[in-house]
């Protein structure tokens, strides 16, 4: 794996007195210290021994050889202090492959080439592997200040005054400002010509005067940092240079003294190295702390597959990064639920600013399919969730006033799951987005008109959504589909319910619209409307795509009613009889309720498994009550069934008339308080139950 590194070192004491030094290899992209090596020409044990045996050099030499051979000597370097970093670099380059399976093939240098030259001369990876040197941008930017200060010193030796006090002099403050301008020009431009023009613009701007303005290289437009060009863009008269120009220099200093320095610092080789550092390396060490974990994963993947010379990872948001050149292809996976959720498609379209005019996008097209569906079970499931808010006395609190709001909240949730395609009552409408031509602003608000010709009669409970994406290659197209007829993907399908279902007939026309409005939560507000032309039948709903209900359980979706080609009843009894002990199992079920003849917990597990297989949803609507008879919700016990425990009936009988009267409930029983799960239809409500207050014992 080939990587780019920075190398540096330090000493315990500086320059020629240094006895101990350290060298470090640092990964440029992550800022991690990959290797470090300490070099020491000092050993305290040797110094102590030398002091004791200072008069007997031969004896000390023998001891020294034995001491070195034992591995206990702290000395691992014998040379001058200036070579400590050089020797450390050679050791770490030699063991990079063995230690990390990495080759340090790009070296970001701060100008000192001793270590770099020593490394390339030793050919640590063989004569065919080239180790390149890149200049650190920070160091390049410092060169201007250094060059200008040296210019002032050299001029003073020749009795020429460039610095000092006075208007237009090359003072320290002016040098500092010029260095800042130079740094901004290097960092904020991508191509070589742009970088060179920006650097030269900063110096010509400083030398401009009212008589001779030199702003031809400065940015144009009303927002330009150049006051002169900004004023011209606004059709205004530029103000005087003495007021609006923050830094100025004597025009006589330009040609002979300043321009040669700038030309030397904008030569092709140096500009190329600056660009290479920006876009081959992209991040220097001081910026590496902002590198995301995902970017590090990309970098690791590229290195692991030996593609560092072909793939450049530029961390950052696509709206913020700078790309050195136009690209041929843009590849992404920006789709969300219902295609548009998470609003990643806008970033995908924004990236086209870096694509060549003839470039290709993968995917190139997205088709959102919309179809009316019928699903009574799903509709009732959402409605029944609000039954909790029917209670008039929940710990003494009347909740009924909030039921309407609860229903609205449940129907505001899009349903994310899968379904049988046969619940769709008409052919889907298709809304096409051509990613090659669409603009990101096209996705802020989308009005989608709908017209369906009903293929069968039924109740329309809402609209179903799924999408297909086309990868339109030059040889042949490839389509990714999330349709319910295709293998399930992690996008599933999405269904949006309406509170008022619409009754349709076969051949009838159903019209409507879907409006997707982007919001600040990286999602959309979904407004749907359905109506039958020529009638007053109209149903609407507003949903929050950011807050869906994830309903998928892993079970196969249930087929719509009427889809079976065999008798479901015969199939049920045949399976039951094949299981054995059918007499006991039959006696335990009456109209879907358990009458207590078998173990309650066992029957509950069996019933939940049956319901899960038939509906795909676990309906845990029975509560196991150990050592107690179950409640008989208005049904008649099975013939021949006996139970020893007392039986409590809600509403006593099965007649609706009985339910209209207030009934007594034994408050001391195991079935109190009564859960609304045991209510039958709309007859029994908590308000109809009279709680008997225990009578007080008579006082003696």
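The values are calculated or read from the model by the stated rules, or taken from the named source; none is laboratory data. None of these values were measured; they are calculated from a predicted model. Every residue, glycine among them, receives a Cβ derived from its backbone with ideal geometry; neighbour counts consider all protein chains shown.
Assorted remarks:
- For the residues 518, 523, the requirement of being closer than 30 Å to residue 442 by Cβ, crowded, with 16+ Cβ neighbours inside 10 Å and out of contact with any strand residue (DSSP E or B) (no Cβ under 6 Å at 6 or more places or on another chain) singles out 523.
Rundown of residues vs (1) loosely packed, with under 10 Cβ neighbours inside 10 Å; (2) touching a strand residue (DSSP E or B) at 6+ places or on another chain (Cβ under 7 Å); (3) at pLDDT 80 or above; (4) within 30 Å of residue 408 (Cα to Cα), yes/no style:
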site: 540; (1), (2), (3), (4): no, yes, yes, yes
site: 547; (1), (2), (3), (4): no, no, yes, yes
site: 561; (1), (2), (3), (4): no, no, yes, yes
site: 565; (1), (2), (3), (4): yes, no, yes, no
site: 571; (1), (2), (3), (4): no, no, yes, no
site: 574; (1), (2), (3), (4): no, no, yes, no
site: 600; (1), (2), (3), (4): no, yes, no, no
site: 603; (1), (2), (3), (4): no, yes, no, no
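- Scanning segment 435-452 for residues being exposed (fewer than 13 other Cβ atoms within 10 Å of the Cβ) and assigned to a strand (DSSP E or B) gives a total of 4.
- Residue selected from segment 227-247 under the condition in contact with a helix residue (DSSP H, G or I) (Cβ under 6 Å, 6 or more places away or on another chain) and outside any helix (DSSP H, G or I), by the criterion modelled with the lowest pLDDT: 247
- Here residue 395 fits the description: surrounded by fewer than 14 Cβ atoms within 10 Å (Cβ to Cβ) and over 32 Å from the mean Cα position of the chain (by Cα).
- Filter result for the condition that a residue is under 16 Å from residue 92 (Cα atoms) and modelled with pLDDT under 75, over 40, 10, 6: 10
- Within segment 475-497, considering residues that are over 28 Å from the mean Cα position of the chain (by Cα) and touching a residue at least 12 places away in the same chain (Cβ under 8 Å), the one surrounded by the most Cβ atoms within 10 Å (Cβ to Cβ): 497
- Flag if residue 345 is assigned to a helix (DSSP H, G or I), within 22 Å of the chain's Cα centre (by Cα), in contact (Cβ under 8 Å) with a residue 40 or more places away in the chain and surrounded by 15 or more Cβ atoms within 10 Å (Cβ to Cβ): yes
- Residue 459 vs. criteria over 29 Å from residue 334 (Cβ atoms), touching a residue at least 24 places away in the same chain (Cβ under 8 Å) and surrounded by fewer than 16 Cβ atoms within 10 Å (Cβ to Cβ): yes
- Test result for residue 411, under 29 Å from the mean Cα position of the chain (by Cα) and either at pLDDT 95 or above or under 18 Å from residue 528 (Cα atoms) (or both): yes
- A count restricted to segment 398-430 and to residues that are assigned to a strand (DSSP E or B) and either loosely packed, with under 15 Cβ neighbours inside 10 Å or not assigned by TED's automatic domain parsing to the domain that holds residue 491 (or both) stands at 1.
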